[in-house]
Structures are given as structure tokens and as C-alpha cells.
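K.L.:
My structure is below; once you've seen it, I'll send some questions.
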Amino acid sequence: MKTLLINASPHSNGDTSALIQALIARLHGEIVSFECYRRNVSPCVDCRRCLREPGCAIDDDMRFIFESLADADTVVLASPIYFSLPTPPAIALMSRFQTVYASRFRKEKIRFPEKRGGILLTGGGSGGADSAEAVAKRLLRAAGVRTFGETVVSARTDHLPARADTNALAAAIRLANFLNASQ
């Protein structure tokens, strides 16, 4: 099994990392990690080239995502919640799936192999995770995810760090078990 883990957190040892570590401790197979804050992915600029020809006019690390999706069995998006959404680099990455959407107009519909997927979200404050989860699911559907495991949320991290959130850590283990079942 091969998992593409899209880490949209700017912190290498923060709350999102705690959930990622709980997940990968139980996850089988190869894990390919893409750290959005340490890679170069520009947002879509609506140049419309992808309406006319395959691919994207922007040459950056998004190529790694598309190549990794071709043979990944599972995909996980892990992100802090900023203003009820995944972080800006995750949104930029999502916007680049415009080339997948535009392929239908060229009669060359791009389809990634169907996959299982999951979402890890962390956040403090008073906002909920519903909007972030909906956006994350939209991104993962564009990446070929058709079956989702339980969304793992550690909310209120300003009062309870994710590494101490026993409910969220247990949910991360359940997600790993769900993803492992795709073997």
C-alpha cells in the first residue's frame, strides 16, 4: 500500500504533526509525504491553457502531487484550520486541480485510480471543522478519493493540545485501520 500524505501545516512539531504521528504509527506500507509549506505550489492563475491542452502552465512542485496520485492507494490531507478552512497552501494546491476539471472539455478526462482517503484537522478558538472538512473532501475527491474514513478533528487546541486529545488520537488510529483495509 502507498499513501500520499499532504501535510498543510507550517509547524513540524505542532498539533497537526501529533495527529500525523498517531496515524503513521499504525499505517502500513510506503508513506510519501508532501509538506505544503516547504514545497513550491502556486495557486491557479486562470490562464486557461488547460482548457486547450493537457497539463498546467505553471511548472512547480504540483507535478509531484500529480505523479504521486497515479500510484497512491490512499491519500490523507492533514491541516490546521485557518478561518474555518484548510491552510492557504492547501487551498492553492486544490486550485491546481483545475487542470483535472478542464480535461473533460478537451474530451480527455483525467481520472486518478479510485482511492480511500482521510482528513486530519486541528484548530483552536471557537470555529468548527465543518467548512474545512467539506473543502478537504472536495480536494480529495479531485485526487481520486471515493471512500472516506472518519474525519479526525482535534478542536480547541488552544486549551487541549492534540497530543493530549485522546479522542482525536484514537480517531487517528481508527483512520489508519480504515486505510490499511484497502490492501
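K.L.:
How much length would be gained if the chain were fully extended between R49 and R26, taking 0.36 nm per residue of separation minus their Cα-Cα distance, in nm to one decimal?
P.N.:
Stretched out fully, the R49 to R26 stretch lengthens by 4.1 nm.
K.L.:
Express the relative contact order of the chain as a whole percentage, based on alpha carbon pairs under 8 Å and six or more residues apart in sequence.
P.N.:
28 percent
K.L.:
How big is the accessible area of T147 in square angstrom, nearest 10, if you roll a 1.4 angstrom probe over the protein chains?
P.N.:
60 Å²
K.L.:
Further question on the same structure: With every protein chain left in place, what is the accessible area per residue of the chain in square angstrom, probe 1.4 Å?
P.N.:
Per residue, the chain has an accessible area of 49 Å².
K.L.:
Not counting ligands, DNA or RNA, and with a 1.4 Å probe, what is L93's accessible surface area in Å² rounded to the nearest 10?
P.N.:
0 Å²
K.L.:
About the Cα centre of segment 54-183, what is the dipole size in debye to 20, counting +1 per Lys and Arg Cβ and -1 per Asp and Glu Cβ, all else neutral?
P.N.:
In total the dipole reaches around 500 debye.
K.L.:
Right, something else. Determine which lysines satisfy two conditions relative to K2: a Cα distance under 29 Å, and not lying fewer than 8 residues away in the same chain.
P.N.:
The reachable lysines, counting only those whose Cα sits under 29 Å from K2, are K109, K115, K137.
K.L.:
How much of the accessible area of the chain, probe 1.4 Å, is carbon plus sulfur, in whole percent?
P.N.:
Whole-percent figure for carbon plus sulfur exposure: 50.
K.L.:
Starting from the residue with the highest accessible area, list E53, E67 in decreasing order, probe 1.4 Å.
P.N.:
E67, E53
K.L.:
While we're looking at this one, here's another question. Loop-only check: which chymotrypsin sites (Phe, Trp or Tyr not before Pro) in segment 82-183 are DSSP coil with at most 15 other Cβ within 10 angstrom?
P.N.:
F83
K.L.:
Let me cross-check C44: its accessible surface, 1.4 Å probe, with only protein heavy atoms counted, in Å² to the nearest 10?
P.N.:
My reading of the accessible area for C44 is about 50 Å².
K.L.:
Still on this structure, please answer the following. Working with all protein chains in place, sort H11, H159, H28 by solvent-accessible area computed with a 1.4 Å probe, largest first.
P.N.:
Largest to smallest exposure gives the sequence H159, H11, H28.
K.L.:
Let me ask another. Ordered by residue, what ³J(HN,Hα) values in Hz, to whole numbers, does segment 152-165 give under the Karplus form 6.51 cos²θ - 1.76 cosθ + 1.60, where θ = phi - 60° and Gly and Pro are x?
P.N.:
9, 10, 10, 9, 6, 5, 6, 10, 9, x, 4, 5, 10, 7
The values are calculated or read from the model by the stated rules, or taken from the named source; none is laboratory data. If you're wondering where the values come from, they're calculated on a predicted model, not measured in any experiment. Cβ coordinates were reconstructed from backbone atoms using ideal geometry, including for glycine residues, and neighbour counts include every protein chain displayed. The accessibility values were calculated without ligands, DNA or RNA, using every heavy atom of the protein model including side chains. Shrake-Rupley method; radii C 1.70, N 1.55, O 1.52, S 1.80 Å.
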